[in-house]
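Have a look at the structure below before the remarks.
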Amino acid sequence: SLLRQSAEARQLLASEPSFDLGGALDVRETVKLAAIGKVLDPPVLVDIQNTLAAARSLRRSLSPRAGELPLLWGIAEAMVELPDVERNIGSCLSPTAEVLDSASARLAGLRRQLKEKRQELLSHLEAVVKSRRAQKFIQEPLVTEREGRYVIPVKAEMRREIKGIVHDISNTGATVFMEPWSTVELGNELRQLIVEERQEVERILTALSNEVGAHQ
């Protein structure tokens, strides 16, 4: 039987030298994990999508040749196509495994708010570092990030000139990275949106993983 399968495979490759298995991968272990409730990472979900697409393509290319390649068709015929799973992963994840804005209306809305809030915060801080008053206490006129908060570099000896929260100190001790009180609330709102966006991404990945696991 295996020899006859090999003979059919040689026959297939002789007539179609470019025939291959596409993007098929061995996803059995990850699918098994999804079936017991593990949330799969985006690259793993994309691997599963590519494997489903390859199986579908393989099955459809062998179908017209079922008569001449009965053993290979016997294997391919048993493959279950899951177009909904394939399509759902594709509508939520890009081929490079990025979670798309279009994955949900809520995610698109949160990301839009995030962009606007981040721009509002940066504009406020840039106005601070460029102000005439700031020239005496700012180490350099830039806005940077420390521990997820946007801060400005303040000369250590001038730190009491500005009211705010110290988030970091440079290795030399000459610069403290401060979040002015005037932007703390904006920073809090930004952090809240970041957490909500992360939770929505997790919800989307959970739903996709559950769907994969249901078809183990």
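Let me know the number of lysine pairs in the range 80-216 closer than 23 Å at the Cα, not counting same-chain pairs under 8 apart.
Numbers: Lys115/Lys130; Lys117/Lys130; Lys117/Lys163; Lys130/Lys155; Lys130/Lys163; Lys136/Lys155; Lys136/Lys163; Lys155/Lys163.
Counting lysine pairs in the range 80-216 gives 8.
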Amide H to amide H, which residues 5 or more places from Ile169 or on other chains are under 5 Å from it, using H placed in the peptide plane? Phe177
Give the long-range amide H neighbours of Gly164: residues separated by 5 or more places, or on another chain, with amide H under 5 Å away, using H modelled in the peptide plane at 1.01 Å from N. Trp181
Taking every eigenvalue of the Cα gyration tensor of the range 30-132, multiplying by 5 and rooting it, what semi-axes result, largest first, whole Å? 47, 14, 11
Quick calc of log₁₀ I(q)/I(0), the chain, Debye, one scatterer on every Cα, no solvent, q values 0.15, 0.18 1/Å, result -0.96, -1.14
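Of the accessible area of the range 1-115, with the probe set at 1.4 angstrom, what percent is carbon plus sulfur?
Numbers: 3960 of 6940 Å².
Roughly 57 percent of what the probe reaches on the range 1-115 is carbon or sulfur.
The values are calculated or read from the model by the stated rules, or taken from the named source; none is laboratory data. Every value quoted in this text rests on a predicted model; they were computed, and no experiment measured them. We work out accessible area using only protein heavy atoms, side chains counted, and drop any ligands, DNA or RNA first. Shrake-Rupley method; radii C 1.70, N 1.55, O 1.52, S 1.80 Å.
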